[in-house]
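Notes to accompany the following structure.
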Amino acid sequence: MGKKQYEVGKKFEEELCWWLSNNGYYVIYNNKGVEGSQPVDVIAIKNNIATLIECKNLENKSGIFNFERLEANQFLAYKKFKEKHNTNMIIAIKWNQNIYFINFDLLQFFDKSIDLKKIEPNIIKE
């Protein structure tokens, strides 16, 4: 990942953390740095329910998010999180200034990608 991609991704992670915090969540931001890697970018807690969030920024015009962009450690985190009877792990995808939340549980119902044009965003930027 280049420095520009890193900066765009980091800006989105920080924007999402701000939005979550302003909507009643306790937020833990895993700022990894350019060379780092971790299972998820954000942990958001509200009403004693933790949600693991992996943030992705989509800059193509097609609106197609390819699941190959998810890393093995992110799938491992999902598996371990579920083994402990937790269910809230999502991918937050920013596309065209809107943010889409895709639950990891739903990945099995899609082929290898998801067309964001076919679903409603969770956060709409005006």
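The values are calculated or read from the model by the stated rules, or taken from the named source; none is laboratory data. The structure presented is a predicted model; accordingly, all values stated were derived computationally and were not measured. Glycine also receives a Cβ, built like all others from the backbone with ideal geometry; neighbour counts cover every protein chain displayed. What goes into the accessible areas is simple: the full protein's heavy atoms, side chains included, and nothing from ligands, DNA or RNA. Shrake-Rupley method; radii C 1.70, N 1.55, O 1.52, S 1.80 Å.
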For the pair Ile119 and Lys84, how long in nm is the line joining their label points, each one 7 Å along Cα→Cβ? 2.5
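When a/c is below 1.5 the answer is rounded, else prolate if a/b is larger than b/c, else oblate, so apply that to the chain with a ≥ b ≥ c taken from the square roots of the Cα gyration tensor eigenvalues.
The shape class here is rounded.
Loop only by DSSP, 11 or fewer other Cβ within 10 Å of the Cβ. Give me the trypsin sites (Lys or Arg not before Pro) in region 31-126 that pass, ordered by residue number. Show your work: numbers first, answer last.
Working: sites: Lys32, Lys46, Lys56, Lys61, Arg69, Lys79, Lys80, Lys82, Lys84, Lys94, Lys112, Lys117, Lys118, Lys125; in loops: Lys32, Lys61, Lys84, Lys112, Lys125.
Here the sparse-neighbourhood loop sites are Lys61, Lys84, Lys112, Lys125.
Leaving out ligands and nucleic acids, note down the accessible area per residue over the chain with a 1.4 angstrom probe, in whole Å².
Details: 7960 Å² over 126 residues.
Per residue, the chain has 63 Å² of solvent-accessible surface.
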In µm²/s, what is D for region 1-71 at 20 °C and 1.002 mPa s, where D = kT/(6 pi eta Rh) by Stokes-Einstein and Rh is the Kirkwood radius from Cα pairs? 162
For region 1-118, what is the charge dipole size about the Cα centre, in debye to the nearest 20, if Lys and Arg each add +1 at the Cβ and Asp and Glu each add -1 at the Cβ? 80
Per DSSP H run of at least 4 residues, take -39500 (n - 2.57); add these up for the chain, divide by its residues and hand me the 222 nm value, nearest 500 deg cm²/dmol. -8000 deg cm²/dmol
Whole-percent carbon and sulfur contribution to the accessible surface of the chain (1.4 Å, no ligands, DNA or RNA) stands at 51
Tell me, what is the percent relative contact order of region 1-84, built from C-alpha pairs under 8 Å that lie six or more residues apart? 23
